[in-house]
1. Quick one: Cα centre-to-centre distance for region 49-94 and region 117-151, in angstrom?
2. Quick one: of the DSSP bridges fully inside the chain, what percent are antiparallel, nearest 5?
3. What does the accessible area of H213 come to, in Å² to the nearest 10, when a probe of 1.4 Å is used?
4. Given Cβ point charges of +1 (Lys, Arg) and -1 (Asp, Glu) and nothing else, what value in debye, to the nearest 20, does the dipole of region 71-147 about its Cα centre take?
5. So, R0 is 41 Å and r is the distance between the beta-carbons of Y55 and K150; what FRET efficiency does that work out to, to 0.05?
6. Where is the GNM fluctuation largest for the chain (alpha-carbon springs, 10 angstrom cutoff): S119, S138, S46?
7. If E151, E120, E191 are ordered by their accessible area, calculated over protein heavy atoms with a 1.4 Å probe, which sequence runs from highest to lowest?
8. About the Cα centre, and with charges only on the beta carbon of Lys, Arg (+1) and Asp, Glu (-1), how big is the dipole of region 146-227? Nearest 20 debye, please.
Amino acid sequence: MPELNLILLGPPGSGKGTQGKRLQEDFRLPYYATGDILRAAVKEGSEVGNQAKEYMDRGDLVPDDVIIGVIAERIQGEDAADGFILDGFPRTQPQAEALDQKMEELGREMTAAILIEVSEEEILRRLGGRRTCSKNPSHIYHVEFDPPKKEGTCDEDGAELIVRDDDRPDVIKHRLDQYHEKTEPLIDYFEERGILRRVEGEQPPEEVEERIHALLATLRREEEMEI
Ligand SMILES: [Zn+2]
């Protein structure tokens, strides 16, 4: 079996995290969401972890070379020998170039960068409809997809439901602008390298998952034909 080295791309609200976890289970590959692995590296106290901690403690952004160090440490681990799934990295072109370089050093190749495409309108609908319990933030509802029994009230504890700052339309817009500005060049970059694969992401998660499986199966067939 060839390796399956994947990057997941998509705007906030595209369901990247959901698909990442599904792929992790389906293919038994480690799933690395950047925020999580930075925190894990800090906790383990590895050399790069300690470097990252210095920046995080100061409230600074962790620089590219440190993040790349952390990612490199993960993908060289035994559990990533058959492949891995990256989410949230690379986020910029210099990061993507550094990842390419690292992979080349390791004699490995990225299989695909999967872009989950969702329209801006749908993202606003998904994120903008979210309501959160004012008492317990893990009680989350959606006005359309998962409404509470009584409007504006938490089913679990009767507390008032609120719109989190993150879910305000102007904030969502800003997050989307940031995504376009930073990630669009990255999409072009993967396209030029011939590894970009687009997946229509507006259907239910099971269908998006099926589409990803189908495209990975196609890639495998293509690879076999090359051998
Ligand atoms: Zn509640």
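The values are calculated or read from the model by the stated rules, or taken from the named source; none is laboratory data. Bear in mind the structure is a predicted one, so any value in this text is a computation, not a measurement. Cβ placement follows ideal geometry from the backbone for every residue including glycine, while neighbour counts extend to all protein chains displayed. What goes into the accessible areas is simple: the full protein's heavy atoms, side chains included, and nothing from ligands, DNA or RNA. Shrake-Rupley method; radii C 1.70, N 1.55, O 1.52, S 1.80 Å.
1. Each part's Cα centre sits 31 Å from the other's.
2. Working: 7 of 24 bridges.
DSSP beta bridges in the chain are roughly 30 percent antiparallel.
3. Looks like 60 Å² after rounding.
4. For region 71-147, the charge dipole is close to 620 debye.
5. On the way: r = 45 Å, r/R0 = 1.10.
Efficiency computed from Cβ-Cβ geometry: 0.35.
6. Per the Cα network of the chain with a 10 Å cutoff, S138 tops the list.
7. On the way: E151 175, E120 65, E191 95 Å².
So, going from the largest accessible area down, we get E151, E191, E120.
8. Details: 13 positive and 26 negative charges, 33 e Å.
It works out to roughly 160 debye.
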